1. Out of curiosity, is Glu97 acidic (Asp, Glu), within 18 Å of Leu176 (Cα to Cα) and either touching a helix residue (DSSP H, G or I) at 6+ places or on another chain (Cβ under 6 Å) or in the same structural domain as Val172 (by TED's automatic domain parsing) (or both)?
2. In this structure, does Arg162 turn out to be within 30 Å of Met25 (Cβ to Cβ) and basic (Lys, Arg)?
3. All but one of (1) closer than 16 Å to Lys204 by Cα; (2) in contact with a strand residue (DSSP E or B) (Cβ under 8 Å, 6 or more places away or on another chain) hold for Ala24, so report the exception by its number.
4. Among what's in the range 127-153 and is touching a Phe, Trp or Tyr at 6+ places or on another chain (Cβ under 9 Å) and without any contact (Cβ under 8 Å) to a residue 60 or more places away in the chain, pick the residue that is surrounded by the fewest Cβ atoms within 10 Å (Cβ to Cβ).
5. Looking at the range 81-107, I want the residues that are under 13 Å from Tyr129 (Cβ atoms) and have a partner that is of a type in the set (Phe, Trp, Tyr) and buried (at least 19 other Cβ atoms within 10 Å of the Cβ) with Cβ atoms under 8 Å, at least 6 apart or on another chain. Which pairs are those?
6. Return the only residue of Leu169, Leu133, Leu121 being in a loop (DSSP other than H, G, I, E, B) and closer than 25 Å to Ala51 by Cβ.
7. Is it the case, given these coordinates, that Val177 is touching a residue at least 60 places away in the same chain (Cβ under 8 Å), part of a helix (DSSP H, G or I) and in contact with a Ser or Thr (Cβ under 9 Å, 6 or more places away or on another chain)?
Amino acid sequence: MSDLKLTYFDFHGGRGEPARLALAMGGVPFDDDRVPMADWPERKASTPFGALPVLVAEGKTLTQSNAINRYVGKLTGLYPSDFWQAALCDETMDAVEDLMNEIVPTMFMPDDEKKARREELVEGMFPLYLKRLNQNLADHGGRYFADDRLTIADLKVAMLTRQFTSGILDHVPTDLVEKVAPGLIEHFQRVMKDPSIKAYYAKKGVEV
């Protein structure tokens, strides 16, 4: 049995996916504990903050997606050792988390309220953050967000881009990213072409 257990929902994406990808890319064995949504109400109380992802490493529990990402990134060589590049990596992940903190609550809203809130976000926060991420990417060389190489931050942004472009978010235009932050589309394609990521999803039977 692996010394690592990552618990997250049973779908390909979201806050737990960057850590899954990083571990797979680093060749680090882990127990991929996938929670079906139907089982979540029963399992929620067993998590420290009533939320996922949760990482257990050698019997010790870690929560909060970006803390998990940093730990896993260091474990797999996907987190910068240079202090400034590490800060850029953190900045990127925290910006994505700001967006996730607005997106996730809308998933549990009544339809009318969800529509109104998401349309408000499309007119305000979403393009603001997407443009800023796009500019940061350009400022850091145009290929990756930190360290001039693929890091855990790139995995987190790629999962965000996939969420925005997939059509899973009702009332959010699937071409929003392309219109306001085209560099993020190119970045997503670049990340998803990584041989380790392609192999991971091929094994899962998922097209990328």
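1. Working: acidic (Asp, Glu): yes; within 18 Å of Leu176 (Cα to Cα): no; either touching a helix residue (DSSP H, G or I) at 6+ places or on another chain (Cβ under 6 Å) or in the same structural domain as Val172 (by TED's automatic domain parsing) (or both): yes.
Judged against the criteria, Glu97 is not a match.
2. In short, yes.
3. (2)
4. Across the range 127-153, the extreme among qualifying residues is Asn136.
5. Thr92/Phe145; Ala95/Tyr129; Asp98/Tyr129; Leu99/Phe126; Leu99/Tyr129
6. None of the others qualify; the one that does is Leu169.
7. Working: touching a residue at least 60 places away in the same chain (Cβ under 8 Å): no; part of a helix (DSSP H, G or I): yes; in contact with a Ser or Thr (Cβ under 9 Å, 6 or more places away or on another chain): yes.
No, not satisfied.
Yes or no, residue by residue, for (1) in contact with a helix residue (DSSP H, G or I) (Cβ under 6 Å, 6 or more places away or on another chain); (2) farther than 29 Å from Tyr71 by Cβ; (3) crowded, with 18+ Cβ neighbours inside 10 Å; (4) aromatic (Phe, Trp, Tyr):
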{"site": "Met107", "(1), (2), (3), (4)": "no, no, no, no"}
{"site": "Asp112", "(1), (2), (3), (4)": "no, yes, no, no"}
{"site": "Glu120", "(1), (2), (3), (4)": "no, yes, no, no"}
{"site": "Met159", "(1), (2), (3), (4)": "yes, no, yes, no"}
{"site": "Pro182", "(1), (2), (3), (4)": "no, yes, no, no"}
{"site": "Arg190", "(1), (2), (3), (4)": "no, no, no, no"}
{"site": "Ser196", "(1), (2), (3), (4)": "yes, no, no, no"}
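The values are calculated or read from the model by the stated rules, or taken from the named source; none is laboratory data. Treat the numbers as computed from the prediction; the structure is a model and nothing was measured. Neighbour counts run over all protein chains shown; Cβ positions are idealised from the backbone, glycine included.
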